[in-house]
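Take a look at the structure set out below.
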Amino acid sequence: MPRFGVRPEKEAELERRMAASGIREEDLDESFVRSGGPGGQKVNRTATCVQLHHRPTGIDVKMQQARSQALNRFYARRRLCELMEADQLGAASPEAKRHAKHRKQKERRKRRSRRKHFDGESNKSDSPSKE
């Protein structure tokens, strides 16, 4: 029976990541508080926000991404795995790789824009004026 309201494949993947990161359910303190923000009265009345505290490392995660408590429990554990992987693997973590790829794309676009802008400026000054 699914615990988090997600597909069994996603739940199995989360359990695999937790085991690889050394996160055990016994090491987690889980509490539920009221959410805020979009979602209307339903969110404001019910305790759908999930707070996780990993005792061995002291990492805290607070998740209120979804309107349901079960999904927020899943998202909080997934975020905890991401933080642990980033701490353990450093630059080799999936999140760091995504960040580096995005930074490279941004730099490439900036170079292209500069080249286009400055090439356009030099072409305008070389052309005869219509005076």
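Details
- Of the set (1) in contact with a helix residue (DSSP H, G or I) (Cβ under 9 Å, 6 or more places away or on another chain); (2) outside the structural domain of Arg17 (by TED's automatic domain parsing), all apply to Arg111 but (1).
- Here is the figure for the range 2-11: residues that are surrounded by 12 or more Cβ atoms within 10 Å (Cβ to Cβ) and free of Cβ contacts under 8 Å to residues at least 12 places away in the same chain total 0.
- Criterion: touching a Ser or Thr at 6+ places or on another chain (Cβ under 7 Å) and modelled with pLDDT under 90 - qualifying residue of Glu121, Glu95, Glu131, Glu85: Glu85
The values are calculated or read from the model by the stated rules, or taken from the named source; none is laboratory data. What you are looking at is a predicted structure, and each value in this text was computed from that prediction instead of being measured. Note that each Cβ is placed from the backbone with ideal geometry, even for glycine, and that neighbours are counted across all protein chains shown.
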